[in-house]
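Chemist: Quick one: the structure is below, and I'll ask about it shortly.
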Amino acid sequence: MVREKEELFLQTLELHLFLNNMEKQFEVKTEMRNKFALQMLHVSLPIDFVNKINDYIDDKVKHLDIENIKKSTDSKYPPGIDLDIGLTEDNQDAKLLKSTLDTTCQEYLRQIGHGDSHVDVFESWSVMSFSGDYNPLHDHGVATPAGLSMILYLKVPESVTKQSDPDDIDVNFWLNDNYGSIDGFTYFSWEHRNQDMLKKLYPVGEEYFKPKVGSLLIFPNWLKHAVMPFYGEGERRIISANANVISPEMFDWQNKSDKERQEIIKDLRSIKTKR
């Protein structure tokens, strides 16, 4: 594997030098015209913010018998502990979290060319996972034609943090029979690919993201994702959330009164959606 990486690096360097020489001598210009299949925003939030939200969640779960829930095999408990955050409650910490998520989601829309749409993060929940817990492949539901989902990582066990990070690898990262190297990672899949298709120059259609405390990922709600189990001490804690995206074609947010805005928000929040 090391040998292959060295050869790839040398080939890339040689090609770069060749193209650079061509540009200087013959004014040849090169430009990749990438066509994105997925756009995801990564936000790094400060540790003070993370600690504040963790304290808020700890206060909400202090009445629960965590140890018994961890040992329970009762089907009424999903893998880990799923706790509603109460995002729209009249609480300073909940307001801080909602304001942060709304603002970063609005920035996501701006960067992909939909800054004239309005976003409302309408629900959020925390998932506290322990050794052996997992979450199967799924997506999220919203009330509007377009929507956003997000994951905020609040706690990461040591057994996960010591794993290698795919983001540190400069070439396309493809896992094949790679046991244990993705424990506790979040898996994203937007296209079905296999190694033969990659050899035919298809782009990758999946990603394993290594959790990092303070990382917030924002993506379209249709994106399939899953959580790999980890084994060891500690807690893996995240916040997940969903947002309705109100486009100008759906509702002219800019030219409506505050009362009309609140009415459309209320109507959309009343629609039952899947988490």
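Chemist: Of all residues in segment 100-135, count the ones that are touching a strand residue (DSSP E or B) at 6+ places or on another chain (Cβ under 6 Å) and of a type in the set (D, E, K, R).
Modeler: 3
Chemist: Then there is this: Filter segment 187-220 down to the residues that are of a type in the set (D, E, K, R) and touching a Ser or Thr at 6+ places or on another chain (Cβ under 9 Å) and list them by number.
Modeler: GLU206, GLU207, LYS210, LYS212
Chemist: Residue check: is LEU137 buried (at least 22 other Cβ atoms within 10 Å of the Cβ), of a type outside the set (Lys, Arg) and not in a helix (DSSP H, G or I)?
Modeler: Taking the combined requirement at face value, the residue does not satisfy it.
Chemist: Would a scan of segment 16-37 turn up a residue that is within 30 Å of ALA241 (Cα to Cα), among the aliphatic types (A, V, I, L, M) and either modelled with pLDDT of 70 or more or loosely packed, with under 10 Cβ neighbours inside 10 Å (or both)?
Modeler: yes
Chemist: Moving on. Taking the options PHE219, PHE251, name whichever one is surrounded by 16 or more Cβ atoms within 10 Å (Cβ to Cβ), over 18 Å from the mean Cα position of the chain (by Cα) and at pLDDT 95 or above.
Modeler: PHE251
Chemist: Same structure again: Does LYS155 qualify as being of a type in the set (Lys, Arg), under 19 Å from PHE219 (Cβ atoms) and at pLDDT 95 or above?
Modeler: No: the conditions fail for LYS155.
Chemist: If you check LYS224, LYS259, LYS272, which single one turns out to be at pLDDT below 95 and among the charged types (D, E, K, R)?
Modeler: LYS272
The values are calculated or read from the model by the stated rules, or taken from the named source; none is laboratory data. None of the values given here were measured: they were computed from a predicted structure. Backbone-built Cβ (ideal geometry, glycine too); neighbour counts: all protein chains shown.
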